[in-house]
Amino acid sequence: MQVLVIGSGGREHAIVRALARDPGVSGLHAAPGNPGIANLAELHEVKPADPADVTRLAEHLNAGLVVIGPEVPLVAGVADALRAAGIAVFGPDAAAARIEGSKAFAKEVMTDAGIPTARSFTCHSEAEADVALATFGPPYVVKDDALAAGKGVVVTDDLATARKHAAACGKVVIEEYLDGPEVSLFALADGTAAISLLPAQDFKRARDGDQGPNTGGMGAYAPLPWAPPDLADTVLGTVIGPAIGELRRRGTPYRGLLYAGLALTSKGVKVVEFNARFGDPETQVVLDRLATPLAGLLQAAAAGDLAAAPALSWLPGAAVTVVLAAEGYPESPVKGDKINIDLPERARGYLLHAGTALRGGDLVTAGGRVLNAVGSGPDLAAARAAAYAVVESVEMRGGWYRHDIAERAAAGR
Ligand code: AMP
Ligand code: GLY
């Protein structure tokens, strides 16, 4: 089977890497891809959010399966166009991807399905926003209704900052603050049935000790030794199942990856957000541990056959990923710096490319999150050591990373 992956980040590199290990895949293509992905798949030019352009490429390649990585093409209807052309696709139609594309829509689905989440108001004016902010008090949580590339959510104790963000967004969701550790749980869904992957944890803040601005994610690890063993089953029952059921009832079945961002609060598990795609960088560690061939699973989800899929099998031990970021990330990452990689032969890890490009013969930075170092081992401490050894093998002017990814969990806290 020919498989085409749409996207160009570390998440897509991880997906391509997992697909490359699947004996059912005879040809692997990525568009637009990146220099790391180019070692595993044939790259093609494409406008990723243009439904007609992606469909043309998939038809040209005779793709048996298209996997859409990022949210923007999904919200733009790329999966709709592929399905209309009779091509199997892993990724929801635009109407179902609204669960990520509109925070207000996600809240509506959760309310109708009885899914536990923060109490919220959807506001259309500054006056409405002021009432909502006063109702909940600090810390204020203010979310742009629309997709905002990770910059839509402001959590702050400062009322003026909260009001300013609300005014800048227009339509905005203001909600109750949820405390407790955050967990990312991914589920494969075929419109009716769903299978959960390993719970993972992401580190959203830029600096050590969860300081600094929010980012797309600076690192991740899986599994979570501190989480209740029945967490994934609980979330399947209280969150994923009801969401899939509600979207089916609405006539917009969800086929693809449903990402539940969760807070483990003192009052139980509550949803912080839904995403319509694999998380980045959690996917890098989750797929590192997956032993079941990935293409068959994604194909079963695309075809509505997940109920017949075998139980997933996972490698023992743990995986950690550390994101190497460019100078200036997340505000204004500097591009074009040369990257030198000197990975020791005995490394128990590898590098995934996220924001890299080739210039002349040189590998250079081309995005905020540049590389993901992935390490694994029998436990989190070993996996951390492996991931940090890999990140330290990279030389890049201005490059930086967090030093405390999975540190607390590895220490049993
Ligand atoms: P989101 O894009 O919705 O995932 O929000 C980005 C980050 O903001 C989340 O990962 C949380 O760390 C934080 N956040 C979002 N909603 C809440 C909430 N209701 N309470 C506390 N933190 C939140
Ligand atoms: N790691 C967070 C996200 O993918 O949205």
(request) Please give the net charge around LEU198, taking every other residue with its beta carbon less than 14 angstrom from that of LEU198, where Lys and Arg add +1 and Asp and Glu add -1. (result) -4
(request) Report the relative contact order of the chain, percent, no decimals, based on alpha-carbon pairs under 8 angstrom and at least 6 residues apart. (result) 16 percent
(request) Jot down the radius of gyration and Dmax of the chain, Cα atoms only, both in angstrom. (result) 20.4, 61
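What 222 nm value per residue comes from the helices of the chain, counting each DSSP H run with n ≥ 4 as -39,500 (n - 2.57) and dividing by all residues, nearest 500 deg cm²/dmol? If you can, show how the numbers build up before the last one.
On the way: 14 runs with 123 residues, N = 413.
Estimated from H runs of four or more residues: -8500 deg cm²/dmol.
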(request) Please identify, among SER184, SER376, SER26, the residue showing maximal mean-square fluctuation in a Gaussian network model of the chain using a 10 angstrom Cα cutoff. (result) SER26
(message) How large is the accessible surface of VAL141 in square angstrom, using a 1.4 angstrom probe and rounding to the nearest 10?
(response) 10 Å²
(message) Please compute the Kirkwood hydrodynamic radius of the stretch 259-338 from all pairs of different C-alpha atoms, in Å with one decimal.
(response) 16.2 Å
(message) Given a 10 angstrom Cα cut-off, can you work out which residue in LEU371, LEU315, LEU188 is the most mobile in a GNM of the chain?
(response) LEU315
(message) Take LEU315 and ASP130, extend 7 Å from each Cα along the Cα→Cβ direction, and tell me the distance between the two endpoints in nm.
(response) 5.7 nm
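Where Lys and Arg each count +1 and Asp and Glu each count -1, what net charge lies around SER393 among other residues with Cβ under 14 Å from its Cβ? Walk me through the numbers on the way to the answer.
Working: positive: ARG346, ARG348; negative: ASP342, GLU345, GLU392, GLU395.
Computed value for this residue: -2.
So what is the diffusion coefficient of the stretch 1-141 in µm² per second by Stokes-Einstein at 20 °C and 1.002 mPa s, using a Kirkwood Rh over Cα pairs? Walk me through the intermediate numbers first.
Values: Rh = 17.0 Å.
Here the translational diffusion coefficient equals 126 µm²/s.
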(message) Suppose every Lys and Arg Cβ carries +1 and every Asp and Glu Cβ carries -1, with no other charges. What dipole size does the chain come out with about its Cα centre, to the nearest 20 debye?
(response) 160 debye
(request) Would you grab the residues whose amide H sits under 5 Å from the one on VAL272? Only those 5+ places off in sequence or on another chain, please, with H modelled 1.01 Å from N. (result) GLY261, LEU262, ALA263
(request) Run the dipole for the stretch 165-231 about the Cα centre, Lys and Arg Cβ at +1, Asp and Glu Cβ at -1, nothing else charged, and hand back the magnitude in debye, nearest 20. (result) 280 debye
(request) For the stretch 92-225, restrict the atom set to alpha-carbon positions and state the Rg and Dmax in Å. (result) 15.9, 45
(message) Let me cross-check ASP22: its accessible surface, 1.4 Å probe, with only protein heavy atoms counted, in Å² to the nearest 10?
(response) 10 Å²
(request) Within the stretch 101-198, list the chymotrypsin sites (Phe, Trp or Tyr not before Pro) lying in a DSSP loop whose Cβ has at most 15 other Cβ atoms in a 10 Å radius. (result) TYR177
(request) May I ask for the distance between the Cα centers of the stretch 325-374 and the stretch 12-35, given as a whole number of Å? (result) 19 Å
(message) I'm a student and want to see the number: the projected area of the Cα convex hull of the stretch 102-154, averaged over all directions, in nm².
(response) 4.0 nm²
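Which of LYS103/LYS204; LYS47/LYS151; LYS103/LYS164; LYS47/LYS107; LYS143/LYS270 have a Cα-Cα distance over 21 Å? Write out the running numbers ahead of the final one.
Values: LYS103/LYS204 19 Å; LYS47/LYS151 23 Å; LYS103/LYS164 19 Å; LYS47/LYS107 31 Å; LYS143/LYS270 17 Å.
Violating the 21 Å Cα-Cα cut-off are LYS47/LYS151; LYS47/LYS107.
Determine the order of MET218, MET1 by accessible area, beginning with the largest, at a probe radius of 1.4 Å.
These residues rank, largest area first, as MET1, MET218.
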(request) Using +1 at the Cβ of each Lys and Arg and -1 at the Cβ of each Asp and Glu in the chain, identify which of TYR140, LEU371, GLY180 lies farthest towards the dipole's positive end. (result) LEU371
(request) At 37 °C and 0.692 mPa s, grab the translational diffusion coefficient of the stretch 214-312 from Stokes-Einstein with a Kirkwood Rh over Cα pairs, rounded to a whole number in µm² per second. (result) 215 µm²/s
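Of TRP400, TRP226, which has the most accessible area and how do the rest follow, probe 1.4 Å?
Working: TRP400 35, TRP226 85 Å².
My answer, sorted largest first, is TRP226, TRP400.
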(request) Pop out the ³J(HN,Hα) list for the stretch 269-285 in order, Karplus 6.51 cos²θ - 1.76 cosθ + 1.60 with θ = phi - 60°, rounded to Hz; leave Gly and Pro as x. (result) 6, 10, 7, 8, 6, 10, 10, 9, 7, 4, x, 10, x, 4, 4, 4, 8
(request) Would you calculate the volume per residue, in Å³, of the smallest convex hull containing every Cα atom of the stretch 165-249? (result) 153 Å³
(request) Report, by chain and number, residues whose modeled amide H sits under 5 Å from the one on LEU371, excluding near sequence neighbours (fewer than 5 apart, same chain). (result) LEU324, ALA354, GLY355
(message) For the stretch 331-413, what are Rg and Dmax over the alpha carbons, in angstrom?
(response) 13.9, 47
(message) Please list, in order along the stretch 143-154, the HN-Hα scalar couplings obtained from phi with the Karplus expression 6.51 cos²θ - 1.76 cosθ + 1.60 (θ = phi - 60°), rounded to whole Hz, x for Gly and Pro.
(response) 10, 4, 4, 8, 4, 9, 6, x, 10, x, 10, 10
(request) With springs connecting C-alpha atoms under 10 Å apart, model the chain as a Gaussian network and identify which of ILE99, ILE115, ILE68 has the largest mean-square fluctuation. (result) ILE115
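The values are calculated or read from the model by the stated rules, or taken from the named source; none is laboratory data. Given the structure is predicted, the values throughout are model-derived calculations rather than measurements. Reconstructed Cβ throughout: ideal geometry from the backbone, glycine too, with neighbour counts over all protein chains shown. The protein model used for the area step is the full one, side chains on, heavy atoms only, and it has no ligands, DNA or RNA in it. Shrake-Rupley method; radii C 1.70, N 1.55, O 1.52, S 1.80 Å.
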